[in-house]
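Participant: Please see the structure below; I have some questions.
The values are calculated or read from the model by the stated rules, or taken from the named source; none is laboratory data. The structure displayed is predicted, hence computed values, not measured ones. Note that each Cβ is placed from the backbone with ideal geometry, even for glycine, and that neighbours are counted across all protein chains shown.
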Amino acid sequence: MSVNTEKVGNQIISLRRAKGLTQAQLGERLSVSFQAVSKWERGEALPDAGVLVDLANVLETSVDNILTGGEKAVNYRGKITVSDMKEGIACIERCGRLLGRDNLIYRCAVEGINEKMNTDIEECFKDERAFECFVAEAVIQNIKSGSYVDLTDVKNNFKYEHFRNIVLDYAKKYGVK
């Protein structure tokens, strides 16, 4: 993680002021000089590791919140690709071919998807646009669950602009950069 000292300084200023503390009062609570606090706030230096936990406690926040400058740190649970999502949807269709469309396992999977999504997934196997709609939904569900997707991958691998834009909007909403 790259630490932006200016953002850290601005975050310390904001939190200190919200607590109604002067630089001298904050320094006194941390056993450091007000000049040290001033350097942090100007982005000229970072608090020593030994001071960070106490600083976070005094300002009633977390060390992460200070070091990220108040920006939410995003922790992805994994990376997905659009092609993996396409393959995943296509696998459902392949199950029907391999097991048989009347096979109980395949029928239960299809009926479960259709019921939960209020749709007919078998129709997407015959319609390119409907198929891409399911791919977009698969990408969105993964983003919502904390997965990362490269935005260039999204831009390059959706044929239909409508679905591409929907996925990009969700990615932005969930902090994917």
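Participant: If a residue has to be over 24 Å from Asn114 (Cβ atoms), in a helix (DSSP H, G or I), modelled with pLDDT under 95 and not charged (D, E, K, R) to count, how many in the stretch 124-177 make the cut?
Facilitator: Residues that pass the stated criteria total 1.
Participant: I'd like the residue in the stretch 151-176 that is over 10 Å from the mean Cα position of the chain (by Cα), among the charged types (D, E, K, R) and over 18 Å from Thr81 (Cβ atoms) and, out of all such residues, is surrounded by the fewest Cβ atoms within 10 Å (Cβ to Cβ).
Facilitator: Only one residue tops the list, namely Glu161.
Participant: Something else: Failed condition for Val110, given (1) within 22 Å of the chain's Cα centre (by Cα); (2) free of Cβ contacts under 8 Å to residues at least 24 places away in the same chain; (3) farther than 30 Å from Glu41 by Cα, with all others met?
Facilitator: All conditions are met except number (1).
Participant: Another question, if that's okay. Mind counting the residues in the stretch 68-99 that are in contact with a helix residue (DSSP H, G or I) (Cβ under 7 Å, 6 or more places away or on another chain) and modelled with pLDDT of 90 or more? Step through it out loud before you land on a result.
Facilitator: The initial filter retains those residues of the stretch 68-99 that are in contact with a helix residue (DSSP H, G or I) (Cβ under 7 Å, 6 or more places away or on another chain), namely 69-70, 73, 80-83, 85-86, 88-89, 92, 95-96, 99.
Okay, now just the ones that are also modelled with pLDDT of 90 or more, so 80-83, 85-86, 88-89, 92, 95-96, 99.
Number of matching residues: 12.
Participant: Which members of the stretch 25-54 meet the condition of being touching a residue at least 12 places away in the same chain (Cβ under 8 Å) and among the hydrophobic types (A, V, I, L, M, F, W, C)?
Facilitator: Leu26, Leu30, Val32, Phe34, Val37, Trp40, Ala45, Leu46, Val51, Leu52
Participant: For residues that are of a type in the set (D, E, K, R) and touching a Phe, Trp or Tyr at 6+ places or on another chain (Cβ under 7 Å), scanning just the stretch 73-112, find the one that is nearest to Val3 (Cα to Cα). Lay out the reasoning, then the answer.
Facilitator: Filtering the stretch 73-112 for residues of a type in the set (D, E, K, R) gives 77, 79, 84, 86-87, 93-94, 97, 101-102, 107, 111.
Checking the rest, the ones that are also touching a Phe, Trp or Tyr at 6+ places or on another chain (Cβ under 7 Å) come to 79, 93.
Values: Lys79: 24, Glu93: 47 Å.
Among residues in the stretch 73-112 that are of a type in the set (D, E, K, R) and touching a Phe, Trp or Tyr at 6+ places or on another chain (Cβ under 7 Å), the one nearest to Val3 (Cα to Cα) is Lys79.
Participant: Continuing with the same structure: I'd like the full set of residues that are surrounded by fewer than 14 Cβ atoms within 10 Å (Cβ to Cβ), charged (D, E, K, R) and under 28 Å from the mean Cα position of the chain (by Cα), limited to the stretch 83-107.
Facilitator: Within the stretch 83-107, just Glu87 meets the criteria.
Participant: From the residues in the stretch 98-123 that are among the acidic types (Asp, Glu) and outside any helix (DSSP H, G or I), which one is farthest from Tyr160 (Cα to Cα)?
Facilitator: Asp102
Participant: Is there a residue being free of Cβ contacts under 8 Å to residues at least 24 places away in the same chain and either over 26 Å from the mean Cα position of the chain (by Cα) or under 30 Å from Leu46 (Cβ atoms) (or both) anywhere in the stretch 127-142?
Facilitator: Initial filter on the stretch 127-142 (free of Cβ contacts under 8 Å to residues at least 24 places away in the same chain): 127, 130, 137, 141.
The next check asks that each one be either over 26 Å from the mean Cα position of the chain (by Cα) or under 30 Å from Leu46 (Cβ atoms) (or both); those that pass are 127, 130.
The answer is yes; a qualifying residue exists.
Participant: Has the stretch 112-132 got any residue that is assigned by TED's automatic domain parsing to the domain that holds Val82, closer than 30 Å to Glu71 by Cβ and either among the small types (Gly, Ala, Ser) or buried (at least 18 other Cβ atoms within 10 Å of the Cβ) (or both)? Give the steps one after another, and end with the answer.
Facilitator: To start, the set of residues in the stretch 112-132 that are assigned by TED's automatic domain parsing to the domain that holds Val82 comprises 112-132.
In the following step, the residues that additionally are closer than 30 Å to Glu71 by Cβ were identified as none.
Taking every residue of the stretch 112-132 in turn, none turns out to be assigned by TED's automatic domain parsing to the domain that holds Val82, closer than 30 Å to Glu71 by Cβ and either among the small types (Gly, Ala, Ser) or buried (at least 18 other Cβ atoms within 10 Å of the Cβ) (or both).
Participant: Still on this structure, I have one more. Residues to consider are Ala36, Ala45; find the one that is hydrophobic (A, V, I, L, M, F, W, C), surrounded by 12 or more Cβ atoms within 10 Å (Cβ to Cβ) and assigned to a helix (DSSP H, G or I). Outline the logic, then answer.
Facilitator: On the way: Ala45 fails: assigned to a helix (DSSP H, G or I).
Unique residue meeting the criteria: Ala36.
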